[in-house]
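Structure first, commentary second.
The values are calculated or read from the model by the stated rules, or taken from the named source; none is laboratory data. Remember, it's a predicted structure, so these values are computed and weren't measured experimentally. For neighbour counting, all protein chains shown are included, and Cβ atoms are generated from backbone atoms with ideal geometry for every residue, glycine included. Heads up: the accessible areas ignore ligands, DNA and RNA and are worked out on the full protein's heavy atoms, side chains in. Shrake-Rupley method; radii C 1.70, N 1.55, O 1.52, S 1.80 Å.
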Amino acid sequence: MKIICIGRNYREHAKELNNPIPLKPVFFMKPDSSIIRNGKPFFYPDFSQEIHYEIELVLKIGRLGKGIAEKFAYRYYDEIGLGVDFTARDLQKECKKNGLPWEISKAFEGSAPLGEFLPTEYFPDPANIDFHLDINGKTMQEGNSADLIFSFDFLISYVSQFFPLKNGDLIFTGTPAGVGPVNRNDHLEAYIGDKKLLDFYVK
Ligand code: ZN
């Protein structure tokens, strides 16, 4: 399986990092070794002093497809959940400054804690999903899929031109504004609506 992550998919987040609003989706990948499941802790890596949280809605692909038309894209994902796209912002700044790929800042071990998934039937309108991230009991990020620059269906269509999508592949759909640093012993809890799907500590 593969993990595809969309960057700069909320206007306010692109602005907070001084990035232009993209005309096409920006995406990158993480390997399966980035996944953390079942509330296991995230271990703060030695190579960074600035790990940022980014809470994101995650689509789970349920069907093989490539070159998927946007109007049929809804058939290709069957579950929606939440994940954190941990980012070593200090290393990413260095990569961006030098025009280099981002992998070391985005795809390191444990950089993709995943919560539980809900079937798409749970969502009456995928273009109106409220989600938020609490750290130590305080809400740090809030988003709604209505504010996506590129919709779920557009993302699936776009990405599948380049990479065939397979069962179990994940698409992190981008983070809303409000990203910031985590510290050891922080408690992260993430919700869709008032349903908690993700709960883990930084160690
Ligand atoms: Zn992200």
Practice problem: Output the number of residues of region 110-126 satisfying the condition of being open to solvent by 20 Å² or more (accessible area, probe 1.4 Å) and polar (S, T, N, Q). | Solution: 1
Exercise. Could you please find all residues in region 46-68 being touching a Gly at 6+ places or on another chain (Cβ under 9 Å) and within 16 Å of the ligand (Cβ to nearest atom)?
Key: His52, Tyr53, Glu54, Ile55, Glu56, Leu57, Val58, Leu59
Practice problem: Select from region 178-199 the residues that are more than 28 Å from Gln49 (Cβ to Cβ) and surrounded by fewer than 19 Cβ atoms within 10 Å (Cβ to Cβ) and write down the one among them that is farthest from the ligand (Cβ to nearest atom). | Solution: Asp194
Quiz prompt | Neighbours by Cβ (under 8 Å, 6+ apart or cross-chain): first from region 1-26, more than 10 Å from the ligand (Cβ to nearest atom) and open to solvent by less than 50 Å² (accessible area, probe 1.4 Å); second in a strand (DSSP E or B) and among the aromatic types (Phe, Trp, Tyr) | solution = Ile3/Phe172; Ile4/Phe27; Ile4/Phe28; Ile4/Phe172
Quiz prompt | Options Lys66, Lys60; residue that is at pLDDT 95 or above, basic (Lys, Arg) and open to solvent by less than 70 Å² (accessible area, probe 1.4 Å) | solution = Lys60
Self-check item: Answer from Met1, Met29 - the residue that is aliphatic (A, V, I, L, M) and in a loop (DSSP other than H, G, I, E, B)
Solution: Met1
Exercise. Among the residues of region 75-109, count how many are charged (D, E, K, R), open to solvent by 70 Å² or more (accessible area, probe 1.4 Å) and either within 14 Å of the ligand (Cβ to nearest atom) or part of a helix (DSSP H, G or I) (or both).
Key: 6
Quiz item: Inside region 147-177, can you point out the residues that are more than 21 Å from Leu17 (Cβ to Cβ), outside any loop (DSSP other than H, G, I, E, B) and open to solvent by 20 Å² or more (accessible area, probe 1.4 Å)?
Solution: Asp153, Phe154, Ser157, Tyr158
